[in-house]
Amino acid sequence: MMNGKQYLESLRKMRTEAYVFGERIDSVADHPFTWEHANAVAMTYELAHDPQYSDLMIATSHLTGRKINRFTHIHQSADDLVKKIKMLRMIGRKTASCFQRCVGFDAMNAVYTTTFEMDQKLGTGYFERAKDFVKSVQENDLMIGGAMTDVKGDRSLKPSQQSDPDMFLHIVEKRDDGIVVRGAKAHQTGSANSHMMLVMPTLNMSADDANYSVSFAVPSDEKGVIHILGRQTNDSRKYEGGIDRGNLGYGIVGGEALVVFDDVFVPNERVFMAGEFEFSGMLVERFASYHRQNYGGCKAGVSDVIIGATYGLAQAHGVQDASHVKDKLTEMIHLAETLYCGSVACSSEGKATKSGAFLVDPLLANVTKHNVTRFIYEIGRLSQDISGGIVATLPSQKDFQDEKIGKYVEKYCKGKEGVSAEERARLVRLVENITGGTALIESMHGAGSPQAQRVMIFRQGNLPAKAEFAKVLAGIKEDEMLKRIRG
Ligand code: SF4
Ligand code: FE
């Protein structure tokens, strides 16, 4: 297993073609725009070497029997699923950011379980390839970027109906030794600092869209793979250094990029779906369920940091004992723990798939993520309420350091006796960083937008069974149990 330093070193050896502000990034491990995202992933490596976290961070491979980083594991039990959530919450507390490695972790489990059932039904031979891929990810301790979301063009049209056929990633050529793909994946968390990308279709496809039903793995620095990083709230501060960046080591969410696949060749051994449209829906739903499972883990961890920073500011302002402040902090804790409850519940309700690997309860996973699209906003709102208007008006670090005006900023920005202006400023900037923009939008749309969860919730909600319960109690159908008791 690699440690954090070794992971960063492995990135420096790659030739990844990544851009930000129109300029090529020479080293994603060191560039001011990307180094903090790389740090967040490095934590997923480093923590595996800390004995106090080994139960969460380390698993045993069912393929090799060897100890592996949990982020490369195929879940073998409901307990594995619960440990994943505990691990995510723990890392969320240490980074208050997105540590990105879960996407590939989830993609791998989705591909593993789906290819097994695809082979059973269609007689294809993808599962052995998927197994070999997983083995090499485990043995080399790779960071996999999971790639699902296509750019989608006209959302009312199917992939094959788009005026530009590249609005969904597709196969442009099938060769004896592999396939050539073209298109782009949007909002790709951690892609620029991953070793490989595991690509999946974004929709349940029909026969017309067979060429869009494609799943494969490709090195992130493969020829033709181009990562274009998106802007984030206050991102020019990344170039300033210092406390105005808020989260000093790990940044805001996961350095999401638009990833272009400009006629990229993929050898057969790394192709896991190439036209089997009937299984695109299963792959999408499984990935979505695994990824929606996570959000009450990582976001509860991030919420713990928001709550901690808010409490710190309440103390700095001398209002920590005011009843309305205590009540708001209570509400924040309640919301964070509610998110966590959802993630633990969908995990402990997980069941074995036909491949033997475990899958979360999809209904509960979707409910969990749906709560995140609301509760993080409310936690952020309450934090801003308690923290005060200073979150929007604090002078910059340069003003603190200025020879002439620094003394005024220092004097008039301090908190109660004993709390320096700098200590208060650091907490204010952290609250601003986490609650002030990009991170909230990530909670809304990451792992799928709210409507995607509502579709799944409606589908999984089993209304006919609920109608049966009502009919029995309303006397429309006989109550067998009551009859047994009362005769
Ligand atoms: Fe992992 Fe959370 Fe980031 Fe998704 S948002 S990759 S679950 S840390
Ligand atoms: Fe995310």
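Okay, here's what the table says:
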read-out	value
Charge context of Ala210, other residues only, Cβ under 15 angstrom, K/R +1, D/E -1	-3
Subset of Lys83/Lys131; Lys158/Lys351; Lys174/Lys223; Lys83/Lys369; Lys84/Lys158; Lys185/Lys369 violating a 24 Å alpha-carbon distance limit	Lys158/Lys351; Lys84/Lys158
17 Å reach of a label modelled at Gln52, 7 Å along Cα-to-Cβ, counting backbone N of segment 94-137	94-96
Charge-dipole axis of segment 337-470 as Lys and Arg at +1 and Asp and Glu at -1 on Cβ define it, positive-most pick from Tyr340, Ile390, Gly418	Tyr340
Simple Cβ-charge dipole of segment 126-184, Lys/Arg +1 and Asp/Glu -1, about Cα centre, in debye nearest 20	220 debye
Long-range HN-HN contacts of Glu256 with modeled amide H, under 5 Å	Gly190, Gly230
For segment 86-131: Kirkwood Rh in Å [reciprocal of mean 1/r, alpha carbons]	12.3 Å
Dipole-positive endmost among Gly104, Met456, Ala288 within the chain (Cβ charges, Cα centre)	Met456
Heavy-atom surface of the chain, accessible at 1.4 Å and reported per residue (Å²)	43 Å²
Peptides 363-371, 233-241 ordered by average Cβ neighbours within 10 Å, highest first	363-371, 233-241
Peptides 249-262, 269-282 ordered by average Cβ neighbours within 10 Å, highest first	249-262, 269-282
Prolate/oblate/rounded call for segment 223-265, Cα gyration tensor, a/c under 1.5 rounded	prolate
Candidates per GluC sites (Glu not before Pro) in segment 442-487, loop by DSSP, up to 10 other Cβ within 10 Å	Glu478
Dipole magnitude of segment 275-407 about its Cα centre (Cβ charges: Lys, Arg +1; Asp, Glu -1), debye to nearest 20	100 debye
Partner aspartates and glutamates for Lys354 [C-alpha distance under 19 Å; skip if fewer than 8 residues away on the same chain]	Asp79, Asp80, Asp106, Glu117, Asp119, Glu128, Asp132, Glu276, Glu278, Glu285
Relative contact order %, segment 218-350, counting alpha carbon pairs below 8 Å whose residues are six or more apart	25 percent
Taking the chain and dividing mean pair separation by its residue count, relative contact order in percent (alpha carbons under 8 Å, at least six apart)	17 percent
The chain - mean residue ellipticity at 222 nm from DSSP helices (-39,500 (n - 2.57) per run, n ≥ 4, rounded to 500)	-15500 deg cm²/dmol
Tensor-based shape of segment 15-137 (alpha-carbon gyration tensor, a/c under 1.5 rounded, otherwise prolate or oblate)	oblate
Among 164-171, 296-303, 197-204, 324-331, the order from most to least packed when residues are scored by Cβ within 10 Å on average	296-303, 197-204, 164-171, 324-331
Per DSSP, loop chymotrypsin sites (Phe, Trp or Tyr not before Pro) in segment 1-66 with at most 16 further Cβ within 10 Å	Phe21
Net charge of Cβ neighbours under 15 Å - reference Lys411; Lys, Arg +1; Asp, Glu -1	-2
Simple Cβ-charge dipole of the chain, Lys/Arg +1 and Asp/Glu -1, about Cα centre, in debye nearest 20	1100 debye
Under 5 Å, built H, 5+ apart or other chain: amide partners of Gly145	His195, Met196, Met197, Leu198
Length-normalised contact order for segment 47-95 - Cα pairs under 8 Å, 6+ apart - percent	26 percent
Percent accessible area from carbon and sulfur atoms, segment 283-411, protein chains only, probe 1.4 Å	56 percent
Additional length obtainable on full extension of the chain from Lys131 to Asp327, 0.36 nm per residue less Cα span	65.5 nm
Kirkwood estimate for the chain, i.e. one over the average of 1/r between Cα atoms, Å	23.8 Å
Segment 117-213: C-alpha gyration tensor shape, a/c 1.5 cut-off, then a/b vs b/c	oblate
Shape metrics for segment 154-283, restricted to C-alpha atoms - Rg then Dmax, Å	17.1, 55
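The values are calculated or read from the model by the stated rules, or taken from the named source; none is laboratory data. All of these numbers come straight from a predicted model, not from anything done at the bench. Glycine gets a Cβ as well: all are built from the backbone with ideal geometry, and neighbour counts include every protein chain shown. All accessible areas refer to the heavy atoms of the entire protein, side chains included, with ligands and DNA or RNA removed. Shrake-Rupley method; radii C 1.70, N 1.55, O 1.52, S 1.80 Å.
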